[in-house]
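None of the figures in this text is laboratory data; all of them are computed from the coordinates on show. What you see is a predicted model, and the numbers here were worked out from it, not measured in a lab. With ideal geometry, Cβ positions are generated from the backbone for all residues, glycine too; neighbour counts draw on all protein chains shown.
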Amino acid sequence: MSRPLLRRALLATIFCCAFPAIVQAQASERQIVIEARHVLQEIMAIPVQGIPRALLADAQGLVVVPGMIRGGFIVGVKHGRGIAVARNSDGTWTNPVFVRITGGNIGFQAGLQATDLVLVFRNQTRVEELMRGRFTIGASASAAAGPVGRDMSAATDAQLRSEILSYSRSRGLFAGVAIDGAVMQPDPNATAIFYGQTPTHPQGHVPAVATQFVSLLTAHSTGNVNTVVPVPHTDHELVCRELLAAHERLAEILDPAWQQHLALPANVTSPTPEAQASLRATLARYNQVASDPQFRALAERQEFQETLTMLNRHARLQEAAAANVLPLPPPPQ
């Protein structure tokens, strides 16, 4: 075989081997954006307890880290991945880029257990610093637990002076949260994968889920919530697929007894009340394992954490879908 043909064959082989991994990575980044959108949508839907819209109207940047941590009153942050957007000079929002957050401590008001984190940046300079590189909350910029409600009248002087206001959400509960010492930095590799950027196609393309997130944020930061675009059903389908894939990876490291204990319900994808009850029971078993120190070796495994994260996301989507179903008696015979 000639050298040019050999080189082309080698490149084709490398591409074929790498393509599945690239597609899987794209799905992972896409899911982060989908979940970040759900976090923002659900927070802003909480009656008189959302982020004040006046605060979003003046915000210069926003970071959403879904499913970041779990713990008690004071929690050491281990790791989280999320997205960041910045305000353009014309008042619009940029497309999201990916960020990582590690280290630091979070002290919760009212002892909340956090799963989602939202950071509202009030200073354009701090947003630019974050986009350029490593950024330490509390050192690079002052931070405080953010006020909640439909207006800013309850905000304290410390909150009004802070450059970053932070929030957490867990199991439908939402509150301001004190965070200090955590390090954030951009994740350019994840951003390039998500947008399909290559040396020959540096601009990439903007996936629909990114546009949907920006549209939602624009609606709530301008008060024009009637422009919010409904989340497509394909988002839920993607969550189901990723849940099943994560559970399959988890089952590979478990013995038969544990496989049975952590099995998914046979009707896990069904929207019926019976399926939701089964899903809640399964989630309760996973949470029991996660909170019991004697099972720490399992709870800290990536396979377990991924399955638990996808279970939580799937449960929230199922609950949201059920809330939209009109309760009616059986149809007439």
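The peptide list 286-292, 296-302, 140-146, put in order of mean Cβ contacts within 10 Å with the highest first, becomes 140-146, 286-292, 296-302.
Across region 258-300, Cα-Cα distances exceeding 16 Å account for 40% of all pairs. For region 248-295, the list of GluC sites (Glu not before Pro) that fall in a loop by DSSP and count at most 11 other C-beta atoms within 10 angstrom reads GLU252. Set the Cα radius of gyration of region 236-307 against 2.2 N^0.38 Å, with N its number of residues, and you get 1.09.
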